[in-house]
Every structure is written in structure tokens, then in C-alpha cells.
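The values are calculated or read from the model by the stated rules, or taken from the named source; none is laboratory data. Treat the numbers as computed from the prediction; the structure is a model and nothing was measured. Backbone-built Cβ (ideal geometry, glycine too); neighbour counts: all protein chains shown. Please note that ligands, DNA and RNA were not included when accessible areas were found on the heavy atoms of the full protein model with its side chains. Shrake-Rupley method; radii C 1.70, N 1.55, O 1.52, S 1.80 Å.
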Amino acid sequence: MSETQWNVDGQPGKGPQAEVPDVLPLLPIRDIVIYPYMMLPLFVGRDVSIRAVEESLSRDRLIFLVAQKNPAEDNPAPDDIYVVGTVASIMRMLKLADGRVKILVQGLSKGEVESYLRERPFFEVKIRKVVEPALQEGSIEVEALMRSVKEKIEQILNLKNLPPEIVMVTDNISDPGVLADLVASNLRLKIEESQGILEIFEPVARLKKVNELLSRELELSTVQARIQNQAKEEMSKTQRDYFLREQLKQIQQELGEGDERAEEINELKKQIEKAKMPSEVKRETEKQLKRLEQMHPEASEASLVRTYLDWLVDLPWSKRTKDNLNIQKAKEVLDEDHYNLEKIKERIVEYLAVNKLRRKIKGPILCFVGPPGVGKTSLGKSIARALGRHFVRISLGGIRDEAEIRGHRRTYVGALPGRIIQGIKQAGSNNPVFMLDEIDKVGTDFRGDPSAALLEVLDPEQNHAFSDHYLNLPFDLSNVLFICTANLLDPVPPALADRMEVIQLSGYTNEEKLEIARKFLIPRQLEDNGISKNFLEISDDALLRIVAQYTKEAGLRNLEREIASICRKVARKIAEGKKDLVRVTRANLHLFLGPPKFLPEAEQEKHEVGVATGLAWTSAGGEVLYVEASLSKGRGNLTLTGQLGEVMKESAQAAVSYARSHAKKLGIEEDFYQKLDIHIHVPAGAIPKDGPSAGITMATALISALTKRPVSRDVAMTGEITLRGRVLPVGGLKEKCLAAFRAGIRTIVVPDRNQKDLDEIPKQLRRKLNLFVVTSMSDVLKVALVDKTGKKSFAVALSARGSKARKRKQRKHKERPLEKVRERVVPLRA
């Protein structure tokens, strides 16, 4: 729509230009109300409206213009159209290329719809002409009201961009009704307000209504102008954001609203004081707060600074929990949650004792190393409960980005602190028990080495001022008790391992598993499955059979799964209405768990020539390792199979060299290597094997094959061999002894220099084992080989035992050992 024009020549007193008939076509219009004497173009596009225009042109060019109540309605009904409208004359018409029609209309007089004569193909109505009441000549009140309206129009014209012709037109108008219509058509009014003015037929009343609207518009224009003037005084080309902020302030003051930003800043100041930050941190925080005050709240950097301040005030700079210094109570808590593990419990009690005497000490950095399922992670929670501290755990498995530990710099989009600072915030105190789980599973790539970032975290001499990339401020981690867990210590970088106090956790014995199942696993599974202890009873023999034949592990996870399987079957019976007590015994165990998963090995049924039993260490505990040696006619070739590593192959070559150099002493033909091919095989060929500790096992199997003397099925051995026949020490002795015990082997040959490691073996287990220490290969052969009559000579046992105890052990050797179970597919280190 183009700019509105007015023709005041047709106002009352001049006489109407045409006689208005009672029946006229109606044109519903949208978004505008047409007043008398108003001239403006309209664009007509609806079929009904175009037909109404054509009908008007075919008659006397008069049409009745009425506003729609809802501008969005495309097909209005009579109820959707106002009653009062304006009779207009179509001055010109132009058909457009898109099918629409453009008409120029001029309002003549008001009218009111009496009835609709037709609705299709166009609206045709019968109207009643509205005749406004005559005015008294020379009324002072009317004159004053008209002057007031004209003055306000001039004031608004100076404040806003209104058409300048209005002032010239209004000076020539003497009719209050026409003046009211002119002003109303130029104000930015809603359709409802404009229609309301049109429906006021009394001219003075209509002018008074317009005067009120002018007063409101003048007040709004004055406030807007004042806001703009106040802001423009301080605005420059580089201060557009500041100008907008000043406008917002002025608007809030005029509306009487509180300044939420000021409240936010005050709240941050209170939090900064409450946090009791170190002086350096407080200075930086206040500096960032001043920056935030000067920024526009909608600026992108403002949200970054606000997030940074939130992190600073939320961190526990001075909050700490009070340690439970009651040593006896702490020990009771540790014993309540875990069975055995005396080394770790003793270390925690020592820490409490020193803390009780000195009050302020640096938190230790412990590293629990052991096979899966022995309770490393749950032990951290127990330690936190014993100390009365908060517990935080983060898993480092698979982390490859150094920023996971130190965080990202604030210049990056979406930057956050690292996992250490996030954990401290989560704990809500600066002295939690912080567990770094699976530290041996940390990776490295082009984004950095997380292990290197942990060097500062786990160094008591540096972590009192740990600096996160995001905070870029020192945070004191010296009060934190860090506990790391790992299955293997080998993947941990030496510099990192050197900073930690390593505590080894070995696998459990069968008796220990039985106790743990009784005290912890069974009660927990009964509760998890909703079973009362009055409905299920598992005998000790059944539990031991589950351990021996249904699981093969150093930890307890599979044992708990098997117990859970029994509980689920009992729960089903109870749910079906069978509420009798279920007793699980060794005899009926297969009804609940099926046939045994690990069956005895055939080669251990008797003493065999060329088959020796060795021991290996894995990340899951110890394993029994069989070594087979066979001879065939040939030219002295040595074949090694079983997916052996380089170290293990070298051990086999050393064993062959020992046999050759001591052939005469061993009763072997000295030129056997020229006539025979030797094949040494370690079964379970799909499993990689390496390490030197199978050296004496390979030598024993080879010498057994060469001398035709069987190797005792009751003897297992471990040790490295030299060319001179010396037996060198190996690692993982406790796990290897446990593996032999689980396999039913009670006689174990160990190197003499491993005597120091025997103290790690539980006393109950040591009493059931016959341990022989050897210094040379000849000592090994005395224990391991039997003569052709099936007898063998024993070397001196490690511990001095009475004759009565020795006879009891010899009787045990004559008994059939426990069933041997099959090997699992896990990487081995001999």
C-alpha cells in the first residue's frame, strides 16, 4: 500500500459528490481500516473481491469497504466482517500480470450493514447511511480540543518520522470528526483500535478518543527520544554495543524493573568471598568479574567468562572433610567390606596413624596391581568409607588425549577442565579418595600422552600446585588420596610407576574364595534376587566344586555369576509357588549349572615320559603349562612349536645345550644330537607364550625323553635355566603356586633365590604344599624324574618339618590329586 492521501474538499459543508444507494457490493479488506475522505490504493486478489470490484465498476463505481476481524482468513463469512465500514468510490483500476487488480479508492461516508443480500459470487449488502450529528457553532470546548490535537501532532512530528503534509492538512480542517479520522489513519494503531474509532459516530467523542491515543503516543515518543539522546551522548563508532546496553538500562528504569545483571554480579561477589580462595586465585577471579561487568550480557565472550567464573567459585578451594582418626573403627570398616588383603589394610591404617600424630601430611599415591576381579576398585570405596572422605572414580581405559587430564584452553569452543578438576568439583572437598581406574590401559596418539600429564598429578612434590589448562591457576592436590589400579605394571611408563607406591594383589586361594562367597557373595546375590536365606542353602563342597570345575580365575567375578545363576533358578521356583528350602550340594550342582565347564586333562592321569608340568603367570593370575618333548630319527634338528616367543625359544635352546654338555652325567648317548631330531611343543597353540621361567620345565621334559624316565605327574616347576645348569629366580611365584594348587598339584619346585617370595603365599596354602628349593638342574631332576619302577627321591623341603608332618605329606602324595582343569585362552608369560 502506498502513502495515504486525503481529500478534504468533500467534507460536510461542501456537499457530497455522489448519491449513495442503499445496496452496494462489499469488499472485505485486511490489515487496514478506511476512513471517509481517505484516498489510497488497494491490491485485490481474491475472486470474491475481484468480482465485487467489477460489479461496482459496472454500476456507479461505488463500493462498501469493511475490515475483516481476522486478517489471516482467506474466505471470510459475514460473521468474520465488521458491521461498520466506509462507502468509497473507485477512482482508477489496473489489472496486473499476476491476475490481481490494483484500485485507487477514496472514502466518501460511513455506513452500517443492515443485511447481506448475497455472498456469492461476491458480497452484496444493504447498508444504512450514517449521518453524524450537527455541531454547535463556536463551541469553545471543541475549539480547545482541536487545538490540543493539532499541537500534539506537531510535537510528535518533531519526534517521529510522520508525513509532513499532515500539519498543512490539519490547519485547514475545521470539522472535529474529519480531524479525528485524519489523525487516526496516521497513527500506528491495531485493527481493533482503528475500527473502534470508526464506530464512534459522534465527532467530538471521536476526537476525544483520538486525543487520548495521541497523548499515549506522545509519551512513548518522548521516552524513546530521551533514551536515544542519553545513549547517543556516549556512543561512538566503536561503542555500538555500549549504546544498546544503555538503551536497555533506560528501558528497565522506565518500566520499574530490577537489574538482573547487577544481581548476578553481586551473587558472584558473595560466592567469591565464600569460596575462601588463595590470594592469587582471588585476584584473577576478581579481574575476570570486572571484565564481565563491562561486557554486554549477550556478547559471546560474556558466556565464556561467566562459565569460567562458575567453575572457579564452585571448586572446593578450602572445603575439606574431617578424617576419621579412630584407627580401630577404620580397621573394622575395612574388614567388614573385604576379606584378607592385609597389606593394603595395614597401609591405610599406617596412613591414619601418621595423620593422627602429625595432623597434616601429604596424601599417599597408591597403585593396586592385580588380576581382574580381586576387588581393586571396590577397595577404593571401602577406604573412602573408612577414612570418612568422599569418593571419586574416573576410568582411564582408552583415554588418548592429554586434554582429558589437563583440560582444554579457554580459547577453544566448548572448552572444559580436565577429568581431575571435574572429579574434585564432583567430590565437593579438596581431600577426597580419588581412584584412577585402569591406569595401565591409557593410550597415546597425536593429541598427546595422558600418562605424561599424570606425572604432575601423581607426584607429591608437584601436585600441590597442579595447573589445569582451562583454569590456568594452581590447585592444591596434595591432600587428595590417589589410588590407581592396574592389571599389569609393564604398560605403565617407568617414570609414572616410580611415583606410585605399588601394592600387589594376588589371586585368591580356594579357601579364601569359599570364605568370601559365604560372607559377601551369597548374601549379596540373595538380596539382589529377592530371596530369603530360608529358601536357599549352598554347601561348602558345592562352592568348592563351583570354584574348581565351573570357574578358572584369580578373582571372583565368574564365581559370583555362577552363584547368581543358582539364585535366579531358585527365585523362579519361589515365584511359581514352590517355597520349600532348596539345598545345593556337590551331588545336585549340575542340575543348576549344567555339566562342569573345565574337565581333567588326560595327560595328568599318570607319569609320562617327555611331559613336564610348568607354571606360567598371566594378567588373570597363574596358569599350569605343559611342555612336551619327543624324539625321532634325524640329524639333530630342533623344532619348537606352540606359538612361543623369542625368550622362550632361547630357553629351549639353552635346555638342549645343557643336555648335550651333561650327556655323560645324565646317562645319555653323547652323540644323540647327531642321530635324533628334537621336537618341543607347548600345547594350547593358539595362545601366545613367552618368558624365561619355563626353562627348567623344557629341560626336564627333554631329559625325560632322552633317558626314558617318566616325569612325576605330581610335580610342577618354574625357573630359568643357564647353560651351566643353574636355576635363576622368576616372578609371579604366588600366582603360580595358586595355579598349581587349583590343578591338584601339591609338589612345586622353585628357585633357591625365590625363597624371599614364599612369604607372600598364605600360610594355610603353604601348609598344604610341598615346596622344594633348587639351585641347579640336577636338584630339579632328583625331584621331578621317577625311575622305571615308579619311585622317586625327594630333595630337602624348604621349611623344616617334623617327621610326623613329613609322613603326613607323603601320604597325601599317594592320594589322587584334585581334578585338573583345562586352560583358558589367555596370553601367557612363562
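Things to note:
- Hits in the stretch 471-511 (condition: of a type in the set (F, W, Y) and either open to solvent by 10 Å² or more (accessible area, probe 1.4 Å) or modelled with pLDDT under 90 (or both)): Y508
- Residue check for F466: open to solvent by 20 Å² or more (accessible area, probe 1.4 Å), of a type in the set (A, V, I, L, M, F, W, C) and modelled with pLDDT of 90 or more: no
- Test result for A384, hydrophobic (A, V, I, L, M, F, W, C), surrounded by fewer than 17 Cβ atoms within 10 Å (Cβ to Cβ) and out of contact with any helix residue (DSSP H, G or I) (no Cβ under 7 Å at 6 or more places or on another chain): no
- Qualifying residue in the stretch 816-825 (condition: open to solvent by less than 30 Å² (accessible area, probe 1.4 Å), at pLDDT 90 or above and in contact with a helix residue (DSSP H, G or I) (Cβ under 9 Å, 6 or more places away or on another chain)): no
- Taking the stretch 281-302 as the range and being over 21 Å from A415 (Cβ atoms) and in contact (Cβ under 8 Å) with a residue 12 or more places away in the chain as the test, the residues that pass are E286, E293, H296.
- Residue that is modelled with the highest pLDDT [pool: residues in the stretch 103-124 that are under 21 Å from V44 (Cα atoms) and of a type in the set (D, E)]: E124
- Residue list for the stretch 391-407, filter: in contact with a Pro (Cβ under 9 Å, 6 or more places away or on another chain) and either among the acidic types (D, E) or open to solvent by 80 Å² or more (accessible area, probe 1.4 Å) (or both): R400, D401, E402, E404
- Answer from A716, A784, A740 - the residue that is within 48 Å of the chain's Cα centre (by Cα), within 22 Å of A699 (Cα to Cα) and of a type outside the set (D, E, K, R): A740
- Here E537 meets each of (1) within 41 Å of the chain's Cα centre (by Cα); (2) at pLDDT 90 or above; (3) not in a loop (DSSP other than H, G, I, E, B) with one exception, condition (1).
- Filtering K381, K362 for residues that are among the basic types (K, R), in a helix (DSSP H, G or I) and at negative phi leaves a single hit, K381.
- Residue in the stretch 388-411 that is within 26 Å of L505 (Cβ to Cβ) and free of Cβ contacts under 8 Å to residues at least 12 places away in the same chain present: no
- Single residue of L559, L471, L489 found to be among the hydrophobic types (A, V, I, L, M, F, W, C), under 15 Å from L589 (Cβ atoms) and within 31 Å of the chain's Cα centre (by Cα): L559
- The criterion of at least 1 residues that are surrounded by fewer than 17 Cβ atoms within 10 Å (Cβ to Cβ) and touching a residue at least 24 places away in the same chain (Cβ under 8 Å) is met, among strands (runs of 3 or more DSSP E) falling completely within the stretch 46-146, by 84-95, 101-118, 123-129.
- Selection of strands (runs of 3 or more DSSP E) fully inside the stretch 608-654 by the criterion of at least 2 residues being in contact with a Gly (Cβ under 7 Å, 6 or more places away or on another chain) returns 611-618, 621-633.
- Failed item, numbered, when I745 is tested on (1) modelled with pLDDT of 85 or more; (2) surrounded by fewer than 24 Cβ atoms within 10 Å (Cβ to Cβ): (2)
- The stretch 364-416, residues that are under 21 Å from E560 (Cβ atoms) and either touching a His at 6+ places or on another chain (Cβ under 9 Å) or among the hydrophobic types (A, V, I, L, M, F, W, C) (or both): F368, V374, G375, S378, L379, S382
- When the criteria are applied in full, A663 fails the requirement of being touching a helix residue (DSSP H, G or I) at 6+ places or on another chain (Cβ under 9 Å) and crowded, with 19+ Cβ neighbours inside 10 Å.
- Search result, residues across the stretch 145-176 that are at pLDDT 80 or above and under 17 Å from P36 (Cβ atoms): P176
- Qualifying residue in the stretch 415-424 (condition: farther than 23 Å from P523 by Cβ, in a strand (DSSP E or B), out of contact with any Ser or Thr (no Cβ under 9 Å at 6 or more places or on another chain) and modelled with pLDDT of 90 or more): no
- For the criterion of being within 26 Å of H338 (Cβ to Cβ) and within 19 Å of the chain's Cα centre (by Cα), G418 fails.
- Unique match (being open to solvent by 70 Å² or more (accessible area, probe 1.4 Å) and farther than 30 Å from R746 by Cβ) among K597, K606, K675: K675
- Some residue of the stretch 425-443 being open to solvent by 50 Å² or more (accessible area, probe 1.4 Å) and in contact (Cβ under 8 Å) with a residue 60 or more places away in the chain: yes
- Residue within the stretch 684-694 that is open to solvent by less than 50 Å² (accessible area, probe 1.4 Å), part of a helix (DSSP H, G or I) and either in contact (Cβ under 8 Å) with a residue 12 or more places away in the chain or within 30 Å of G744 (Cα to Cα) (or both) present: no
- Subset tally (residues that are open to solvent by 80 Å² or more (accessible area, probe 1.4 Å) and under 28 Å from the mean Cα position of the chain (by Cα)) for the stretch 317-345: 2
- Pair list, Cβ under 9 Å, 6 or more apart: the stretch 636-650 residue under 25 Å from Q674 (Cα atoms) and in contact (Cβ under 8 Å) with a residue 40 or more places away in the chain, other residue aromatic (F, W, Y) and open to solvent by 40 Å² or more (accessible area, probe 1.4 Å): G636/Y673; L638/Y673
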